[in-house]
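The values are calculated or read from the model by the stated rules, or taken from the named source; none is laboratory data. This one's a predicted model, so the numbers in the text were calculated from it and none came from an experiment. Counting neighbours? That spans all protein chains shown, and the Cβs are built from the backbone with ideal geometry, glycine included.
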Amino acid sequence: MGIGATTAGFPAVRRTPGTAFGIYVHVPFCATRCGYCDFNTYTAGELGGATPQGWLAAVRAELAMAACVVSDVTVDTVFVGGGTPSLLGGAGLASVLDAVRDNFVLGPDAEVTTEANPESTSAPFFEQIRRAGYTRVSLGMQSVAERVLAVLDRTHSPGRALQAAQEALAAGFEHLNIDLIYGTPGESDDDLRHSVDAALSAGVDHVSAYALVVEDGTALARRVSRGEIARPDDDVLAHRYELLDGWLSAAGLSWYEVSNWSRPGAECRHNLGYWNGGQWWGAGPGAHGFVGDTRWWNVKRPLAYAEQLGQGRAPVADFERLDDHDRHVEDVLLQIRLREGLPVGALSETEQRRATDAVTAGLLTHNGDRLVLTGRGRLLADAVVRDVLD
């Protein structure tokens, strides 16, 4: 599939009016590579000559191109992810947001989020990015159990994540997320409980929790294949999810997406844009964008990304056009994961009959004219989607 010709070098796109619009900026830099991670990230020795300064110049160039392709749009959300955005420092992250503002109009209540690794943050860092206009921070804590962090190859100390959370709140951030990973081999129920208690004691209003997945090609996958550690057990993962949901719900954080819990009003609006069919521009190496009926993805290597933009060429590796069937499948896949669920009327008659079978099986329930996953259904969300769509 080739790239359609436009003056900016991007595939020809036409924005769908009336939906949320976000900008995602991918920061590909990491100090070390975590054993479970298969994201498009690079340590210093893997960059092949790419630099943060060259990356930022390239991002600025891409956002300028983006403004030509998608004009007259108000940006509702910005999300800086990675990788480890906090490695850029407060000044670097301020420059990223300046690059967005130089090319787009931010809405008056725009949500602006950055991910951060606790070890590359400090009280002055949080104060600087808050002054720059960031409104939300997502901290990668994963666990407070040292043995769990060791299996995951995480370098931060258990206490640093909690200190970072307190520094962020002191800097004036109203919305603070902590990421947890559950099901790591060797983790106990008590390990997970201590991690949840620590997150709650830090005063966060949002928790994202993900089951450990052994991704092909990672250091974790190689250790599992050699028999050094066990593969995560599905029954244990289901049990841990139920524990998480119970503890977080009791503390006043309600699930609003299968892997996300928040206090009222603290939901991540950027991610809700993805799940509710919004549109976004993805800037940076390997970033994905979606506008109108078109999804595209950038070249992955930071040096190639910067070189293409330096030559005035779009960094797009490829793209695809989504037809009505593709969009329908995605809407079902994403919306069924949300607390509000999926409108029954969005399904065909055949799909509605299959959904009725899922209701009978206790996986879905009716909430007015919408279908919502039950607690058991959340554990089997992907299977529910397959059964409804097949």
For region 212-238, give me the residue count where each residue is out of contact with any Leu (no Cβ under 7 Å at 6 or more places or on another chain), under 25 Å from Ile336 (Cβ atoms), of a type outside the set (Val, Ile, Thr) and touching a residue at least 24 places away in the same chain (Cβ under 8 Å). 3
Output the residue which, of all residues in region 248-286 that are among the charged types (D, E, K, R) and over 30 Å from Cys68 (Cα atoms), is surrounded by the fewest Cβ atoms within 10 Å (Cβ to Cβ). Arg263
The residue from Gln335, Gln352 that alone is buried (at least 17 other Cβ atoms within 10 Å of the Cβ), among the polar types (S, T, N, Q) and in contact with a helix residue (DSSP H, G or I) (Cβ under 8 Å, 6 or more places away or on another chain) is Gln335
Test Ala238 against the criterion of being touching a helix residue (DSSP H, G or I) at 6+ places or on another chain (Cβ under 6 Å), surrounded by fewer than 21 Cβ atoms within 10 Å (Cβ to Cβ), at pLDDT 95 or above and at negative phi, and give yes or no. yes
Could you please find all residues in region 160-178 being part of a loop (DSSP other than H, G, I, E, B) and in contact with a strand residue (DSSP E or B) (Cβ under 7 Å, 6 or more places away or on another chain)? Phe173
Hits in region 215-235 (condition: crowded, with 19+ Cβ neighbours inside 10 Å and hydrophobic (A, V, I, L, M, F, W, C)): Leu220
Of all helices (runs of 4 or more DSSP H) fully inside region 184-284, the set with 1 or more residues that are farther than 30 Å from Phe10 by Cα and not basic (Lys, Arg) is 189-201, 219-225, 234-250
How many residues does region 348-375 hold that are in a helix (DSSP H, G or I) and of a type in the set (A, V, I, L, M)? 3
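Restricting attention to region 308-326, does a residue exist that is in a helix (DSSP H, G or I), among the aliphatic types (A, V, I, L, M) and crowded, with 16+ Cβ neighbours inside 10 Å? Write out each step before concluding.
The initial filter retains those residues of region 308-326 that are in a helix (DSSP H, G or I), namely 308-310, 324-326.
From what is left, the residues that are among the aliphatic types (A, V, I, L, M) are 309.
From what is left, the residues that are crowded, with 16+ Cβ neighbours inside 10 Å are 309.
Within region 308-326 (the criterion being in a helix (DSSP H, G or I), among the aliphatic types (A, V, I, L, M) and crowded, with 16+ Cβ neighbours inside 10 Å), the answer is yes, since at least one residue qualifies.
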Only one residue in Ala50, Ala57, Ala44, Ala67 is hydrophobic (A, V, I, L, M, F, W, C), surrounded by fewer than 19 Cβ atoms within 10 Å (Cβ to Cβ) and in contact (Cβ under 8 Å) with a residue 40 or more places away in the chain, so which one is that? Ala57
If you go through region 69-127 one residue at a time, how many are among the hydrophobic types (A, V, I, L, M, F, W, C) and closer than 15 Å to Ala31 by Cα? 3
Given the condition aromatic (Phe, Trp, Tyr), under 30 Å from Ser95 (Cα atoms) and in contact (Cβ under 8 Å) with a residue 12 or more places away in the chain, answer yes or no: does some residue in region 129-144 qualify? yes
